[in-house]
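Scroll down for the structure; my scribbles are underneath it.
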Amino acid sequence: MRAVAEKKTTTTVTIFGVEYSITSDRDPDEVRRIAKYVNDKMWEISENNSLITSEKVAILTALNIAEEYIGILDSRTRDESRREKRTERIIKLLDDSPM
């Protein structure tokens, strides 16, 4: 569940050497945590591709984070499907058992 502050606050973060003021209803610590994740990803990508522009680093970072997110969604869908199948088997076993 997302941590929500009572009102919008502005949090200053640094991403890839550039300072940003982020106004959000999220808790400032959560904003900093998200910004740190993006910053770390950008630096990781830039280290592996030292000759590309910061714009391309940002695009590659967005694609990498989207790939991670889609992977999590796919995994969640698979887990839910397995859970549903297990539940159906248990219900069938219960229905088939003599009482």
Short version: ³J(HN,Hα) in whole Hz for each residue of the stretch 71-87, in order, from phi by Karplus 6.51 cos²θ - 1.76 cosθ + 1.60 (θ = phi - 60°), x for Gly and Pro, what are they? x, 5, 4, 4, 4, 4, 5, 4, 4, 5, 5, 4, 5, 4, 5, 4, 4
Helix 28-48 versus the longest principal axis of the chain: what angle, 0 to 90°, nearest 10, using Cα atoms? 80
Counting only residues 5 or more places away or on other chains, whose amide H sits under 5 Å from the amide H of Ile52 once H atoms are built in the peptide plane? none
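How charged is the neighbourhood of Leu63? Take every other residue with its Cβ under 14 Å from the Cβ of Leu63, and add Lys/Arg as +1 and Asp/Glu as -1.
Charge balance in the 14 Å sphere: -2.
Taking K and R as +1 and D and E as -1, what net charge do the other residues with C-beta under 11 Å from the C-beta of Glu6 add up to?
Around Glu6, the surrounding residues sum to 0.
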List the aspartates and glutamates whose Cα sits under 12 Å from the Cα of Lys7, skipping any in the same chain fewer than 8 residues away. Asp25, Asp27
Förster-model FRET efficiency, 41 Å R0, Thr10 and Ser81, C-beta, rounded to 0.05: 0.45
Of [x] 69, 40, 14; [y] 33, 30, 24; [z] 48, 32, 22, which one was derived for Cα extents along the principal axes in Å from the structure shown? [x]
Taking placed amide H atoms and a strict 5 Å upper bound, the residues 5 or more places from Ile22 or on another chain that come that close are Thr11, Thr12, Val13
Tell me, what HN-Hα J-couplings in whole Hz come from the Karplus equation 6.51 cos²θ - 1.76 cosθ + 1.60 at θ = phi - 60° for each residue of the stretch 18-24, using x for Gly and Pro? 10, 8, 10, 9, 9, 9, 7
Which of the peptides 37-49, 75-87 is most tightly packed, and how do the rest follow, judged by the mean count of other Cβ atoms within 10 Å per residue? 37-49, 75-87
Beyond 31 Å (Cα-Cα) in this structure, taken from Lys8/Lys36; Lys8/Lys41; Lys36/Lys85, we find Lys36/Lys85
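Coordinate-derived values only; no laboratory data. Every value quoted in this text rests on a predicted model; they were computed, and no experiment measured them. When we count neighbours, we look across all protein chains shown, and the Cβ atoms used for this are built from the backbone with ideal geometry, even at glycine.
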